[in-house]
Amino acid sequence: MTRNGQTIELSQAPQLENGHIWIAENDAKKISSKAVAVPATKAETAQAKATGTAPAKPAAKPVEQKPTQPVAVKPKTPKQEIAGTREVRTIVIDPGHGGKDPGASGKKSQEKDIVLAVAKLLRKNLADAGFNVKLTRSKDVFIELRQRANLANQWDGDLFISLHCNAIDATEERKKIIQGYQFYVLRAPESEEDKAIARRENAVATLYGEKNAKDELSPLEWFKLEARLEQYKQTSYLFTEKLLSSFDGGKIKKMNTGVGGAGFMVLVGAMMPAVLIELGFISNEEDEAYMMTKAGQQDLADRIAQAVSKYKDAVHTYRETLGRN
Ligand SMILES: [Zn+2]
């Protein structure tokens, strides 16, 4: 932790319990010897929650400190900066579905094939632009939803992009009307429509017996997620802004506002800004035809790559304003 420019390394992650921050006794001694109080501010509380699963109880009896003044918990060196605040280098592309899970089906194509084709073209674009690029799958194989985020974390990604095609199960008439691309972030859903899309994308987990799988997050799970969502919210939305501007004027139209949020399981575990892209409706003939052609897939990859570059520049500029470069 840092206070007034003074950095104190804690031996264990702080623990949040009943609104109090607990730290190990030896850490408390270290801090008091440096005459630094340990206040529990809102920011620090969020930071403590953001450490994820609760750390093991400190061996020594924890020392409770009363709130005094604001404190910022920040990384010691640039290397320890978290995704979203450091320079953007590693992009994790996640082509949805695969193997025994075809995803949604159109008249002539399957979601798993379209998103893999776009992912490979996107990989080339981003590699040419100098990014370090990782794919959660580069073949037609099945990967569990949670495993995808785990891979992204292992690779210490700066941005997680999950590629999908939307679909509706409706009459032919409605299928002709419902089309368009949309970008999703992880957040409590505001509409029944967004909930339905998340349920469809999450269904694979229950369908193929993923451990602890279910197709919706419980209120308690949302509560637990909150701090982490907060940490990556701004940057995830920043990326959707860049996507919106680069997708503007393309063959596939924007659906509604273009940005939605819901409980996508594939985004839940990612410790980095993360966006799920529904490229278009595979259930709509026009969208499907475009997504099936090489030219359409290249155009979609180009637009996403452009958005990634703009996002990288925006993060860089933001860092400059903070004097971090
Ligand atoms: Zn999908």
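The figures follow:
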{"quantity": "Restraint check, Lys233/Lys312; Lys107/Lys175; Lys195/Lys312, Cα-Cα greater than 20 Å", "calculated": "Lys195/Lys312"}
{"quantity": "Residue-by-residue Karplus 3J(HN,Hα) for region 260-266, coefficients 6.51, -1.76, 1.60, Hz, glycine and proline x", "calculated": "x, x, 6, x, 7, 4, 5"}
{"quantity": "Sparsely packed GluC sites (Glu not before Pro) within region 243-325, loop by DSSP, other Cβ within 10 Å at most 11", "calculated": "none"}
{"quantity": "Region 72-179 - Kirkwood radius from inverse mean 1/r over Cα pairs (Å)", "calculated": "15.7"}
{"quantity": "Those aspartates and glutamates that a straight Cα-Cα span of less than 15 Å connects to Lys30, excepting residues fewer than 8 apart in one chain", "calculated": "Glu9, Glu64"}
{"quantity": "Under 5 Å, built H, 5+ apart or other chain: amide partners of Gly260", "calculated": "Phe183, Tyr184, Val185"}
{"quantity": "In order through region 196-208: 3J(HN,Hα) via Karplus (6.51 cos²θ - 1.76 cosθ + 1.60), integer Hz, x for Gly, Pro", "calculated": "5, 5, 5, 4, 5, 5, 7, 4, 4, 4, 6, 4, 10"}
{"quantity": "Likely footprinting exposure, His316, His164, fewest C-beta neighbours within 10 Å first", "calculated": "His316, His164"}
{"quantity": "Ranked Ser11, Ser236, Ser309, criterion: other C-beta atoms within 10 Å, fewest first", "calculated": "Ser11, Ser309, Ser236"}
{"quantity": "5 angstrom amide H check on Gly99, placed H, neighbours 5+ away", "calculated": "Val141, Phe142"}
{"quantity": "Fraction of alpha-carbon pairs over 21 Å apart in region 235-311 - percent", "calculated": "31"}
{"quantity": "Rg/Rh for region 84-124, where both radii come from Cα atoms and Rh is the Kirkwood radius", "calculated": "1.14"}
{"quantity": "Which of Asp302, Asp128 has the fewest Cβ neighbours within 10 Å, and the rest in rising order", "calculated": "Asp128, Asp302"}
{"quantity": "5 angstrom amide H check on Gly106, placed H, neighbours 5+ away", "calculated": "Glu111"}
{"quantity": "Kirkwood Rh in Å, taken over region 182-325 so that all alpha-carbon pairs contribute", "calculated": "16.6"}
{"quantity": "Cα-based reach from Lys120 at 16 Å (exclusive), listing aspartates and glutamates while leaving out same-chain residues under 8 positions away", "calculated": "Asp94, Glu111, Asp128, Asp140, Asp299, Asp302"}
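Computed from the coordinates by the stated procedures, all read-outs in this text should not be read as laboratory data. What you see is a predicted model, and the numbers here were worked out from it, not measured in a lab. Note: ideal-geometry Cβ built from the backbone for every residue, glycine included; neighbour counts use all protein chains shown.
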